[in-house]
Amino acid sequence: MSESNSELHQAKDVEFYAASVAAWFSTRLEYDKSIFALSAGGIGVLVTLLTTKGAGSRFALVLYGLSLGSLLIALVALLIIFRQNGKHILGILQGNTELASKLLSRLDLVVLVSFAAGAIFSATLGIVTAYGTYRDKEKVNRPGFSGGSNS
């Protein structure tokens with residue numbers, strides 16, 4: 001009876017480990033897919049805004065470039081991660097994970113930093129754009145403003 005109970009306990013441990021690994025992979029993949037979707041969407045929004053509204057200043061143009069560049073770096077790093085994940089899993093099965101794990105860790109850091117930078121630059125761009133719009137409206141609403149040129 002004791003041996004049967006031990007086998008049952010060992011089987012539960014194996015199942016728990018398998019479920020934990022599957023949950024970790026699933027969570028990690030969802031995280032990567034979410035960052036991928038947000039980065040791609042952010043690039044789409046920024047390109048649309050840049051082509052329809054334009055940049056109101058050189059500073060805004062620089063922010064567009066920094067935002068787009070940062071989000072693009074995150075996208076490219078994620079594409080490499082997606083490709084490397086398969087190699088990493090194969091390495092785990094073969095018992096050799098060190099190189100793939102180091103590369104994936106570095107790429108994870110690149111994704112985190114570049115996505116955060118893209119989000120910060122985009123938020124800053126939003127603030128700069130909103131301030132420019134507010135400033136332009138204030139000029140129009142000032143008493144004595146003629147709205148024409150000084151010819």
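From the list S39, S26, pick out the single residue that is closer than 30 Å to T133 by Cβ, of a type outside the set (A, V, I, L, M, F, W, C) and under 26 Å from the mean Cα position of the chain (by Cα).
S39
Of the numbered conditions (1) free of Cβ contacts under 8 Å to residues at least 12 places away in the same chain; (2) among the aliphatic types (A, V, I, L, M); (3) closer than 30 Å to I127 by Cβ, L72 satisfies every one except a single condition; which is it?
Only one criterion is unmet by L72, namely (1).
Given the criterion within 30 Å of T133 (Cβ to Cβ), assigned to a helix (DSSP H, G or I) and among the aliphatic types (A, V, I, L, M), identify the matching residue among L8, L79, L90, L71.
After applying the criteria, what remains is L71.
If you go through the range 97-147, how many residues are of a type in the set (S, T, Y), farther than 25 Å from V45 by Cβ, in a helix (DSSP H, G or I) and modelled with pLDDT under 85?
1
Are any residues in the range 43-68 surrounded by fewer than 17 Cβ atoms within 10 Å (Cβ to Cβ), in a helix (DSSP H, G or I) and of a type outside the set (A, V, I, L, M, F, W, C), and if so, which ones?
Passing the criteria: G44, T48, T51, T52, R58, G65.
The values are calculated or read from the model by the stated rules, or taken from the named source; none is laboratory data. All values reported here derive from a predicted model rather than from experimental measurement. A quick note on method: Cβ atoms are made from the backbone with ideal geometry, for glycine too, and the neighbour counts reach across all protein chains shown.
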